[in-house]
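K.L.:
Submitted below is the structure of interest, expressed as structure tokens.
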């Protein structure tokens, strides 16, 4: 079992309670380099675009909603969600929500189950009121898709640089289940208080 927590600027790993110094050092060094890379590559508006996954409805065919959600997830898992970069990403993600309460690949793109589920899942991790309101709206959008049976219908995703668009039938299912699981955890904790 592997866990890690942030100590100052570094990430500390503990593997099965007894650290193997060479593996721990390499893991810490790699994690620190990864977060430096993410910090350097955040856009001024707080978003990240993934290298591989694009969205055909975005003018430059990138998918900053997907990329931003995945990066925020990494910060969350490292216990670093309150840092400047993920906080800016969360604010951008809230601003990218469509009027129908879902998310597409970027601001104003048609909402999809995949991007909405990813956004809901990460926004539920942020206790700020704006994130919670956006997450609840997105969660209702997702629940409507589950109830009408359209949540399993994939939307095109692809390698934007190759213009290779394909449908991955597992993505909407996996991302929706993750978002609903996170919602159950968050709202179960609220019920306890």
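The values are calculated or read from the model by the stated rules, or taken from the named source; none is laboratory data. No experiment lies behind these values; they were computed from the predicted model shown. Note that each Cβ is placed from the backbone with ideal geometry, even for glycine, and that neighbours are counted across all protein chains shown.
K.L.:
Here are the criteria: (1) in contact (Cβ under 8 Å) with a residue 12 or more places away in the chain; (2) farther than 22 Å from residue 184 by Cβ; (3) surrounded by fewer than 20 Cβ atoms within 10 Å (Cβ to Cβ); (4) out of contact with any strand residue (DSSP E or B) (no Cβ under 7 Å at 6 or more places or on another chain). Tell me which single one residue 89 does not satisfy.
P.N.:
(3)
K.L.:
When you check residue 114 against the structure, is it crowded, with 20+ Cβ neighbours inside 10 Å, in the same structural domain as residue 57 (by TED's automatic domain parsing) and either in contact (Cβ under 8 Å) with a residue 60 or more places away in the chain or closer than 13 Å to residue 66 by Cβ (or both), yes or no?
P.N.:
When the stated conditions are applied, residue 114 passes them.
K.L.:
May I ask you to verify whether residue 62 is in a helix (DSSP H, G or I) and surrounded by fewer than 23 Cβ atoms within 10 Å (Cβ to Cβ)?
P.N.:
no
K.L.:
Against the definition (touching a strand residue (DSSP E or B) at 6+ places or on another chain (Cβ under 7 Å) and within 17 Å of residue 65 (Cβ to Cβ)), how does residue 130 come out, yes or no?
P.N.:
So residue 130 does not fit the description; no.
K.L.:
Okay, next question. Is it true that some residue in segment 118-135 is farther than 22 Å from residue 186 by Cα, part of a helix (DSSP H, G or I) and at pLDDT 95 or above?
P.N.:
no
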